[in-house]
Amino acid sequence: MTQETNHKTACILCNQNCGIEIQKDEAGNFVSVIGDKDHPVSEGYLCQKATRLNYYQKQERLTSPLRKNASGEFETISWDVAIKEIAEKLVQIRDTHGGKSIAYAGGGGQGNHLGGVYGATLRAACDTPYIYAALAQEKTGNFWVNGHLFGRQNTNYCEAVGEADYVLIIGANPLQSHGIPKARPTINEVARNPEKTLVVIDPRKTETARKADLFLQVLPGKDAYLMAALIGYIIQNGLEDKDFIEKHTVGFDKIKPHFEAIPVSEYAKISGIDEDQIIQVAKGITSAKTFAMRSDLGIEQSHNSTLNAYLARLIFLVTGHFGREGTNCLHNFLFPLIGHSKEPEAGGITTQVTGMKGIGKLFPPNILPQEILTDHPNRLRALIVDSANPVATYADTHSQRKAIESLELSVVIDVALTETAQAAQYVLPAQNQFEKMEATFFNLEFPNNFFHLRHPIEKPLEGTLDEPEIYRRLVVAMGEIPNSFPLLGAIAKLDRKVPALKLFPVALAMSMTINPKWKKQQLLVVTETLGKALPYTYAKSAAFIWFASHLFARKYTKQVQRAGFKGKGPALGEALFNRILNSKSGTIISKHTYEESWELVRHKDKKIHLEIPEMLKWMAELPKQAEIKDDFTFNLLAGERRAYNANALFRNPDWRKKDTEGALKIHPEDAAEQGIEDGDWVRCYSKNGEVVIKTWVTDEMPRKMLSMPHGYGFSYPGHDVKTTGALVNNLTSMEDCDPLAKTPYHKNVRVNLEKVALEELATA
Ligand SMILES: Nc1nc2c(c(=O)[nH]1)N[C@H]1C(S)=C(S)[C@@H](COP(=O)(O)OP(=O)(O)OC[C@H]3O[C@@H](n4cnc5c(=O)[nH]c(N)nc54)[C@H](O)[C@@H]3O)O[C@H]1N2
Ligand SMILES: Nc1nc2c(c(=O)[nH]1)N[C@H]1C(S)=C(S)[C@@H](COP(=O)(O)OP(=O)(O)OC[C@H]3O[C@@H](n4cnc5c(=O)[nH]c(N)nc54)[C@H](O)[C@@H]3O)O[C@H]1N2
Ligand code: SF4
Ligand SMILES: [Mo]
């Protein structure tokens with residue numbers, strides 16, 4: 001643990017992971033949280049949520065492994081018993097039904113990915129390829145499209161909102177959700193600067209929309225029509241960037257006829273937007289020197305999700321706004337957050353029951369219950385959940401809970417007794433994110449990329465372990481590797497004194513040749529040897545960063561050297577690792593030139609392949625999409641980002657300063673029609689379930705659309721629905737999702753309302 005009074009770390013509440021400094025009192029309370037000016041990206045910025053981190057630190061915690069007994073109650077057991085029993089059951093299930101009967105869910109939230117990295121060791125021991133993850137309920141359509149356009153599903157681009165003259169934000173509300181560095185000053189600057197233009201496309205008059213020069217209030221779920229019309233207008237009028245298309249892309253001729261056929265006026269009308277506004281945006285983008293685009297859940301968790309991903313990218317690609325300063329640009333990763341999955345026809349892995357393909361090596365939460373709740377001989381029988389709360393955060397709480405309860409083995413690794421933990425057989429208590437070495441791989445910047453390895457700032461709570469150690473113990477108990485490696489450990493200590501001699505890498509390679517079985521568990525071998533030889537007693541899991549630093553320095557030698565690291569080959573890797581290990585505020589790890597961003601395209605010809613036949617076919621079939629006709633009146637945005645939600649990280653509702661109940665927003669005229677006044681409580685029901693929720697009458701909503709936040713409704717001692725708020729996934733269903741990526745339609749949940757009397761709430 002560090003000795004300073006100001007403890008440098010990062011905020012764990014959204015993927016920006018702003019650098020922060022925390023002051024603690026003697027009882028370990030976070031008494032002040034301020035922005036860390038030395039953080040290379042956030043530079044002192046933070047938002048109101050970070051100042052409440054003490055509620056994360058001091059929430060009700062798990063302090064012992066738990067096992068459910070025959071009467072469904074938890075009893076505490078020792079770590080040794082828990083590890084032994086779980087390992088035995090995993091081996092038994094694997095050896096009887098094959099590794100594919102075991103799956104893993106989670107692996108990290110907004111601030112903690114080291115545990116997920118080590119989760120790979122348990123998956124290797126179980127011999128399973130299945131990872132279900134939150135990213136596969138939002139970004140997998142994007143990954144699939146990126147795979148086609150740029151060559152690999154794990155290519156990603158950053159969105160240069162702060163540097164562009166013309167900015168388009170679609171389906172995102174950065175003033176609340178961030179998603180870009182220093183979102184508030186950045187958006188405010190674009191909005192205020194008379195030389196810059198901010199366009200926002202959203203059905204809701206959001207905080208960001210209110211700042212926009214042009215606000216296109218699209219009808220919910222109709223973005224594909226709007227974007228097709230925009231690109232259609234550009235191509236039909238010859239406004240595309242012909243030089244860029246010629247130099248950097250292939251396949252334009254193939255996509256051109258499809259956009260020439262788009263009925264621009266008709267699609268504008270379907271999307272609810274005036275055609276003139278679409279033309280204005282088309283002209284604005286094509287005449288701007290620089291243009292950047294930010295998109296997020298509003299078009300991902302919505303109708304035509306994967307098609308939206310394709311069209312959004314075509315907007316900046318056909319207009320040549322890519323790979324230059326002030327435009328979206330591919331970036332590198334210290335270590336890629338996801339992988340690349342082959343298509344099933346090319347030998348890619350699919351799930352056993354529904355036959356779903358992996359995208360980015362991830363599988364979608366929406367199919368998880370179907371893979372379990374069946375008598376199919378190849379169903380999933382065991383699930384390890386780490387740092388995720390599927391019962392509460394995956395679509396369809398009811399089915400997710402039932403699925404977890406029906407498994408032969410269910411294990412949850414978490415800091416708290418979550419809804420999912422309550423449904424599981426074993427619960428293992430983890431150290432929280434300020435008690436261990438942690439990092440995220442959300443280092444998504446260009447041209448200068450960064451990495452922040454966080455040191456613990458608080459002593460681990462008694463009874464808890466960090467995830468890498470939990471996985472190591474399980475893998476050892478499964479008989480995959482020994483508990484210690486004395487000789488290699490001794491060599492690692494020598495190696496740290498004179499890394500230039502490369503004693504450890506040579507000894508490691510030799511030990512892998514002698515013990516080929518260890519190869520699958522190389523990371524754990526390094527962690528138990530080199531990790532233990534690092535200068536901090538708690539730093540074992542930084543062994544992975546040692547691996548990653550060496551790979552990165554080899555791959556991006558020029559760019560790492562440009563960032564001020566000296567040496568070549570392994571010496572450069574060591575220099576990078578040492579700086580990462582010792583930089584409490586994070587460090588710049590590479591500097592690219594814009595020209596070099598084209599090296600990050602993964603197609604062999606280094607060009608962007610514009611044609612994706614499946615997407616063009618989907619677009620051609622848009623006219624066949626029928627209007628929704630059902631018994632429901634409203635379209636619910638099931639999961640809005642607000643001032644006081646942060647996914648599932650705060651269980652104690654007292655952390656909220658306002659909107660304490662997470663109210664349901666409704667347009668004044670809709671409220672009047674339903675006989676609802678601001679603050680009334682209602683029963684909101686879908687085909688799948690219901691919630692009881694307070695209302696908030698506001699003209700921010702369009703007619704017939706409602707909005708409620710996610711991140712509310714978690715059980716907490718001393719609280720009921722009036723203070724915890726409602727659990728959003730009681731309303732969602734697993735079938736309502738994108739046909740290709742299976743990402744849920746959380747922005748389009750069909751619901752009705754019914755006023756409830758306050759006295760009914762007591763029983764709700
Ligand atoms: N209806 C609806 N559902 C949604 C959304 C929506 O908009 N609408 N949004 C979706 C999106 S985009 C996301 S990203 C997901 C997020 O959903 P999840 O990934 O499930 O949520 P997280 O908040 O990341 O946290 C998961 C768990 O990590 C635990 N945790 C915290 N720190 C640690 C730690 O150090 N170690 C371990 N082992 N556990 C820890 C917390 O207690 C919590 O139970 O929710 C999704 N669900
Ligand atoms: N405060 C806060 N910030 C967060 C989080 C949090 O829990 N709380 N979670 C983090 C996570 S995990 C994520 S993934 C991001 C998500 O960040 P965002 O995607 O920006 O957040 P959302 O509020 O879910 O949705 C974005 C916008 O989509 C709009 N929208 C709804 N339907 C449609 C539609 O049909 N078309 C269009 N164009 N827009 C539509 C909504 O009105 C909303 O303004 O936020 C991150 N930041
Ligand atoms: S919630 Fe996000 S934007 Fe706010 S301080 Fe934390 S990391 Fe930064
Ligand atoms: Mo997310």
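No lab work stands behind these numbers, since they all come straight from the coordinates. The model shown is predicted, which means the values in this text are computed figures rather than measured ones. Quick reminder, even Gly has a Cβ in these numbers, built from the backbone with ideal geometry, and neighbours come from all protein chains shown.
Give, as a single signed number, the net charge of other residues whose beta carbon lies under 12 Å from the beta carbon of residue 583, with Lys and Arg counted +1 and Asp and Glu -1. Please list the in-between numbers first.
Details: positive: 8, 454, 579, 584; negative: 36, 38.
Combined, the nearby Lys, Arg, Asp and Glu give +2.
Given labels modelled 7 Å from the Cα in the Cβ direction, how far is it in nm from residue 51 to residue 280?
About 3.7 nm separates the two model spin labels.
Using Cα pairs under 8 angstrom and six or more residues apart, how large is the relative contact order of segment 103-230, in percent?
After rounding, I find 15 percent.
Could you work out how much longer the chain between residue 605 and residue 703 gets when fully extended? Use 0.36 nm per residue separation minus the Cα distance between them, nm to one decimal.
Gain on extension, residue 605 to residue 703, equals 30.4 nm.
Cβ under 10 Å from residue 182's Cβ, residue 182 left aside: what net charge do those residues give with Lys, Arg +1 and Asp, Glu -1?
Details: positive: 184; negative: 43, 189.
Local net charge: -1.
Filter the GluC sites (Glu not before Pro) in segment 629-699 to those in DSSP coil with at most 15 other Cβ atoms within 10 Å of their Cβ, and list the result.
Passing sites in segment 629-699 are 677.
Can you tell me how much longer the chain between residue 669 and residue 91 gets when fully stretched, taken as 0.36 nm per residue apart minus their C-alpha distance, in nm with one decimal? List each step's numbers first, then the result.
On the way: separation 578, 0.36 × 578 = 208.08 nm, distance 5.98 nm.
Contour length minus the Cα-Cα distance gives 202.1 nm.
Against the empirical 2.2 N^0.38 Å scaling, what ratio does the C-alpha Rg of the chain come to?
0.94
Taking a ≥ b ≥ c as the square roots of the Cα gyration tensor eigenvalues, with a/c under 1.5 meaning rounded and otherwise prolate when a/b beats b/c, else oblate, which class fits segment 12-151? Before the final figure, lay out each step's value.
On the way: a/c = 2.89, a/b = 1.28, b/c = 2.25.
Because a/c hits 1.5 or more and a/b fails to exceed b/c, segment 12-151 counts as oblate.
Sort 129-140, 648-659 for me by packing, meaning the mean count of neighbouring Cβ atoms within 10 Å per residue, highest on top.
Put in order of decreasing packing, that is 129-140, 648-659.
What base-10 log of the normalised intensity I(q)/I(0) is obtained for segment 262-313 from the Debye formula, alpha carbons as equal point scatterers, at q = 0.12, 0.19, 0.22, 0.32 Å⁻¹?
-0.33, -0.84, -1.06, -1.10
Beyond a 18 Å Cα-Cα separation, which of these cross-linked pairs lie in this structure: 24/540; 342/519; 100/357?
24/540; 342/519
Is segment 471-605 best put as rounded, prolate or oblate by its Cα gyration tensor, with a ≥ b ≥ c the root eigenvalues, rounded for a/c under 1.5, and otherwise prolate when a/b is larger than b/c, oblate when not?
Working: a/c = 2.07, a/b = 1.66, b/c = 1.25.
Prolate.
How high is the relative contact order of segment 639-744, in percent, with contacts defined as C-alpha pairs under 8 Å that are six or more residues apart? Write out the running numbers ahead of the final one.
Numbers: 191 pairs, mean separation 35.4, N = 106.
Across segment 639-744, relative contact order equals 33 percent.
Label residue 757 and residue 127 with points 7 Å out from Cα along Cα→Cβ: what is the distance between them in nm?
6.3
Would you mind calculating the gained length between residue 290 and residue 70 on full extension (0.36 nm times residue separation, minus the Cα-Cα distance), in nm to one decimal?
Between residue 290 and residue 70, full extension yields 72.8 nm more.
For the chain, what does the helix formula give at 222 nm: sum of -39500 (n - 2.57) over DSSP H segments with n ≥ 4, over the residue count, nearest 500 deg cm²/dmol?
The helix-only estimate for the chain comes to -9500 deg cm²/dmol at 222 nm.
Given axes a ≥ b ≥ c from the Cα gyration tensor, I'd like to know whether segment 298-422 is rounded (a/c under 1.5), prolate (a/b larger than b/c) or oblate.
prolate
So how far apart, in nm, are the two label points at residue 595 and residue 484 if each is 7 Å from Cα heading toward Cβ?
Modelled inter-label distance: 5.5 nm.
Antiparallel as a % of all DSSP beta bridges within the chain, to the nearest 5? Let's see the in-between values first.
Working: 40 of 83 bridges.
Here the share of antiparallel DSSP bridges comes out near 50 percent.
Structure shown: which of 58/747; 459/502; 459/520; 617/742 lie over 22 Å apart, alpha-carbon to alpha-carbon?
Where the Cα-Cα span goes over 22 Å, the pairs concerned are 58/747; 459/502; 459/520.
Using unit Cβ charges (K, R positive; D, E negative) and no other charged atoms, how large, in debye to the nearest 20, is the dipole of the chain about its Cα centre?
My answer is approximately 2700 debye.
Where the centroid of each part is defined by its Cα atoms, how far is segment 382-449 from segment 53-109 in Å?
Computed from Cα coordinates, the inter-centre distance equals 11 Å.
Residue 360: net charge of surrounding residues, Cβ under 10 Å, Lys/Arg +1, Asp/Glu -1, itself excluded? Spell out each step's value before the answer.
Values: positive: 139, 152, 361; negative: none.
Result for the neighbourhood of residue 360: +3.
Could you tell me the relative contact order of the chain? Use alpha-carbon pairs under 8 Å, at least six residues apart, and round to a whole percent.
Answer for the chain is 17 percent.
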